[in-house]
1. With the requirement that a residue be open to solvent by 30 Å² or more (accessible area, probe 1.4 Å), aliphatic (A, V, I, L, M) and assigned to a helix (DSSP H, G or I), what does region 35-54 give you?
2. Just name the residue that is nearest to residue 14 (Cα to Cα) out of those in region 39-54 that are touching a residue at least 12 places away in the same chain (Cβ under 8 Å) and in contact with a helix residue (DSSP H, G or I) (Cβ under 7 Å, 6 or more places away or on another chain).
3. Among the residues of region 1-23, write down those that are of a type in the set (Val, Ile, Thr) and either in contact (Cβ under 8 Å) with a residue 60 or more places away in the chain or open to solvent by 90 Å² or more (accessible area, probe 1.4 Å) (or both).
4. Are any residues in region 24-34 touching a helix residue (DSSP H, G or I) at 6+ places or on another chain (Cβ under 8 Å) and open to solvent by 80 Å² or more (accessible area, probe 1.4 Å), and if so, which ones?
Amino acid sequence: MPPSSPSDPARINLLSTIEVNYWCQTLNCTETRLRNAVLAVGPLAADVRGYLSR
């Protein structure tokens, strides 16, 4: 089960360790991959999900 839900489920907050852990588990990726995806496409979860699924 993923850690507690993020405060804004539409955006990925890289400043919160809890949220980074949540998104890494939810999107099945490493923290590095998550951070690179957010740098590439921005913090919107839908955009990051699409980027990671390429």
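1. Passing the criteria: 39, 40, 41, 46.
2. Step by step, filter region 39-54, then rank; the result is 48.
3. If the condition is that a residue be of a type in the set (Val, Ile, Thr) and either in contact (Cβ under 8 Å) with a residue 60 or more places away in the chain or open to solvent by 90 Å² or more (accessible area, probe 1.4 Å) (or both), then 17, 18 are the ones that fit.
4. Once the filter is applied, which keeps residues that are touching a helix residue (DSSP H, G or I) at 6+ places or on another chain (Cβ under 8 Å) and open to solvent by 80 Å² or more (accessible area, probe 1.4 Å), region 24-34 yields 30, 31, 33.
The values are calculated or read from the model by the stated rules, or taken from the named source; none is laboratory data. Bear in mind that the values here come from a model prediction, so they are computed numbers and not experimental data. Glycine gets a Cβ as well: all are built from the backbone with ideal geometry, and neighbour counts include every protein chain shown. Calculation scope for accessible area: heavy atoms of the full protein, side chains included, ligands and nucleic acids excluded. Shrake-Rupley method; radii C 1.70, N 1.55, O 1.52, S 1.80 Å.
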